[in-house]
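The values are calculated or read from the model by the stated rules, or taken from the named source; none is laboratory data. Since the structure is predicted, the reported quantities are computational estimates derived from the model, not experimental observations. All Cβ positions, even for glycine, are placed from backbone atoms using ideal geometry, and neighbour counts span all protein chains on display. Quick note on the areas: whole protein, heavy atoms, side chains included, nothing else; ligands and nucleic acids left out. Shrake-Rupley method; radii C 1.70, N 1.55, O 1.52, S 1.80 Å.
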Amino acid sequence: GYESSSQGILSSVIGVGSLIGLSLGEAPKLLEIFGPEKLQEIACMAYITRVVGYTFIPQNRMWMVLFLEPLHGVTYACAKTSQVEFAARLAPKGYESSSQGILSSVIGVGSLIGLSLGGWVEDTLGAKVMYRGFAMVALVGLIVLFIAGKLHGKSIESKHEEKKPLVLPTHTTKTNYDSAISTGEET
């Protein structure tokens, strides 16, 4: 069983990670401040730091992993927010919802492949190689994002004439929906 101090530390870390994850409610503000590119960069750096950090924790001090766990909340909140916005911006007008479905499918298939491959690598080569390998994959993704940003301009802008509202639920999307109903336009 756990000692009461271990349970307290674990509860605190889970609480902090959950609060960071709840920042998804602040996603529209984060998108306005940083943009989806910067949020994805933050997510990649938090993930890389966390998984590489795991590989430096001595076996007799596994409790130290709890200091890295709050980075999971940062990774999740920033990655999910930027992914949803990227999918919406890249989708043709009227297909924003379809792009979210495709995004979810790709994430699901990627998770399946990552879990299967990760389990095999951990069994064959050990946890350090697995975590450092995942960090390298994230680093390659970060480099590709950086190069794509340089080749295609600073930001991925909407292909549509008017600036699209954020896909995440905000007062702006509700207002646009209400005005479309009153004018008889399709949303």
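I'm trying to understand the selection: among the residues of the range 48-64, which are free of Cβ contacts under 8 Å to residues at least 24 places away in the same chain, assigned to a helix (DSSP H, G or I) and open to solvent by 30 Å² or more (accessible area, probe 1.4 Å)?
Hits for the range 48-64 are T49, Q59, N60, R61, M62, M64.
What is the residue count in the range 87-98 for residues that are open to solvent by less than 20 Å² (accessible area, probe 1.4 Å) and either basic (K, R) or assigned to a helix (DSSP H, G or I) (or both)? Write out each step before concluding.
First pass over the range 87-98, keeping only residues open to solvent by less than 20 Å² (accessible area, probe 1.4 Å): 87-88, 91.
Applying the additional criterion that residues be either basic (K, R) or assigned to a helix (DSSP H, G or I) (or both) yields 87-88.
Number of matching residues: 2.
Of the residues G73, G119, only one is free of Cβ contacts under 8 Å to residues at least 24 places away in the same chain and either of a type in the set (D, E) or in a helix (DSSP H, G or I) (or both); which?
G119
Among the residues of the range 123-132, are any part of a helix (DSSP H, G or I), touching a Gly at 6+ places or on another chain (Cβ under 8 Å) and either surrounded by 12 or more Cβ atoms within 10 Å (Cβ to Cβ) or modelled with pLDDT of 90 or more (or both)? Write out each step before concluding.
Initially, the range 123-132 is screened for residues part of a helix (DSSP H, G or I), giving 123-125, 127-132.
Next, from what is left, pick out any that are touching a Gly at 6+ places or on another chain (Cβ under 8 Å): 130.
Pick out the ones that are also either surrounded by 12 or more Cβ atoms within 10 Å (Cβ to Cβ) or modelled with pLDDT of 90 or more (or both) and you get 130.
Scanning the range 123-132, I find at least one residue that is part of a helix (DSSP H, G or I), touching a Gly at 6+ places or on another chain (Cβ under 8 Å) and either surrounded by 12 or more Cβ atoms within 10 Å (Cβ to Cβ) or modelled with pLDDT of 90 or more (or both), so the answer is yes.
Return only the number of the condition from (1) at pLDDT below 90; (2) under 20 Å from the mean Cα position of the chain (by Cα) that M62 does not satisfy.
The number of the failed condition is (2).
Out of the range 133-151, which residues are more than 18 Å from Y54 (Cα to Cα) and surrounded by 12 or more Cβ atoms within 10 Å (Cβ to Cβ)?
Correct list: G141, L142, L145, F146, A148, G149.
Which residues, counting only those in the range 100-116, are free of Cβ contacts under 8 Å to residues at least 24 places away in the same chain, more than 22 Å from A46 (Cα to Cα) and open to solvent by less than 100 Å² (accessible area, probe 1.4 Å)?
Residues satisfying the conditions are G101, S105, V109, S116.
Test V84 against the stated conditions and say whether it is surrounded by 10 or more Cβ atoms within 10 Å (Cβ to Cβ) and over 21 Å from A27 (Cα atoms).
Spelling it out, it is not the case that V84 is surrounded by 10 or more Cβ atoms within 10 Å (Cβ to Cβ) and over 21 Å from A27 (Cα atoms).
Are any residues in the range 65-80 open to solvent by 30 Å² or more (accessible area, probe 1.4 Å) and closer than 18 Å to S104 by Cβ, and if so, which ones?
Y76, K80
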